[in-house]
Amino acid sequence: MKYILKNKNLKYIFFMIIFLSISLGLWNNFRLLWLENNALTAEEIGKIMSLSSLFGCIAILFISLKIDMNRIKEMVGWTLIIKILAQLILFLGYQHLSTKVIASLFIFDIASYSVGFLGIYPLITRVEKNENIYSYRKLAQYIFQDVGILLGGVLLGVSLGRFVFSYNSFLFISVLSLAISYFFLSRVQFDRAEHLKNVRFRDFFQLLKKDRIQVFYFLYCLIGNTSYYCALGMQMLILTNILDYSAKDATFFFLVMGIIADVFGVVALKKLTPKNDYFTIFCKLGFRMVGYTVAFLFPCKELILIAIIVALFTSTAYENKTDGIYFNQLDTDYQLVASNVRNLINKLGETFGFFLAGILFPFGASSIFGVAAFIGFIQLGIGWYLVYLRVSKSKY
C-alpha cells in the first residue's frame, strides 16, 4: 500500500478508481428503483439491463479492435465522458423520458462503464504488475462502492428546505463523482518514449491455442457471471418486492454486507488464504452454491436472505487466487487484449444472468436460486479443474 502512495501515477489511478467506485456504488444500488419509479416492470427492467450488457459486449469488441496499450488512458477518459453525459441526460429527463430513450441512455451508461473499467488494470500494469496490486485495486473498488451505498442510504429522504434527496438526486451526485474521477485520470502521465507492442486479437488467440489454462479461465468467468447475476442481478428488487424491505433498509443491508465482505476480503488476502487452492475455490464458490441450493429447496424468506448474505460475503474474497493468478501469467503486452476478452466474456455472462433473472423473477426466488445453483456448480467444477491444470504445469 505504501508503494501505491509513493508512486505518483499509481496514486492518481487509485484516486480515479475511488471516485469512479463511489459513483458506481451510489447509482448501481438505486438504478433499478429509479427505473421502477419510471413505471417500468421487473421484466422490462431485466430486458433493459440485459440489452445494456449485450451492447457493452459489442462496445468492448469494437474498442478492442481499435485501441492498444499506448492509448489506454485516452480510452478510459472518453468512456468517463460518455458516462457523465448519459447520466446527466437521465437526471434532467427524470419521469419525462420514454422507455426507448431510457433504454438507449442505459446502454451508453453501462457500455461506457464496461469499456472503461476493462482498461483500468491494464493502465495499472503500465506502472506495476503483481497479485497484491490486483487485489488492492479490486478492494479499493469494493470499499468505495460501499461508500457510495452509504452516501445514498444516509441521504435518501433527507430534506434540505424544499429539496428532498431522491433516487434522481443520486444521479447528479454520481455525475459529480465521475467528473472528479476524470480529473485524477488526466493527471496520470506516462513516458512518451515508452511504446508497447501492439497486440491484436489474432495474436492473443494464437496464444490461447497453446494455453489451455487461459481458455478454461475465460469459461470459468462466463459461467460464474451468469450464475452470479442470475441470483443477484435483481437483488434490490428481491429485497424490496419479495422480502418486503424498504428501499432504505435494503440499502443499509447491502452496505453492511459490503463492508463485512470488504473486511473479510482484506483479512483473507493477508491471513486466511488456505494453502490448498482446491479448498480456496470451495470457500469462495462452494458455500455460495450450498446457500443457493437451500434457498431453491426451501424458499422461505430467512433462507433466501441467508443465500444472498453468503453470496455477498464471498464476493470479494480470494480474487488473488481465482482471477489475479491467471491474469498476471500474461506478459504486459497482452494485458489490454486479455482484459478486453475477459471483460467481453464477463459482460456476456452478466447479459445471460440479467436475462434469466428478468424471466425468472415473476416465478419467485426459488426459480432464481435453483437456476443460479445449477450454473454455479458447473463453475465450481471448472475452478477445481483450473487448479489441477496449474498444479500439473508447475511440476514440469
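The values are calculated or read from the model by the stated rules, or taken from the named source; none is laboratory data. Predicted model only: the values in this text are computed from it and were never measured. Cβ: placed from backbone, ideal geometry, glycine included. Neighbour counts: every protein chain shown. Accessible surface areas use protein heavy atoms only, side chains included; no ligands, DNA or RNA. Shrake-Rupley method; radii C 1.70, N 1.55, O 1.52, S 1.80 Å.
Once you place label points 7 Å from the Cα toward the Cβ at residue 279 and residue 7, how far apart are they in nm?
Placing both labels 7 Å along Cα→Cβ, they lie 3.3 nm apart.
Which FRET efficiency value, to the nearest 0.05, is calculated for residue 309 and residue 99 with the Förster distance at 56 angstrom and r the Cβ-Cβ distance?
The computed FRET efficiency comes out at 0.95.
Using a 1.4 angstrom probe on the protein heavy atoms only, could you order 262, 244 from most to least accessible area?
Values: 262 10, 244 105 Å².
I get 244, 262, largest accessible area first.
From the protein chains alone at 1.4 Å, what is the descending order of accessible area for 384, 27, largest first?
Details: 384 95, 27 0 Å².
Most to least solvent-accessible, the answer reads 384, 27.
Checking the table 73/347; 138/347; 138/284; 83/347 against a 19 Å threshold on Cα-Cα, which pairs fail? Before the final figure, lay out each step's value.
Working: 73/347 21 Å; 138/347 17 Å; 138/284 15 Å; 83/347 17 Å.
Violating the 19 Å limit, Cα to Cα: 73/347.
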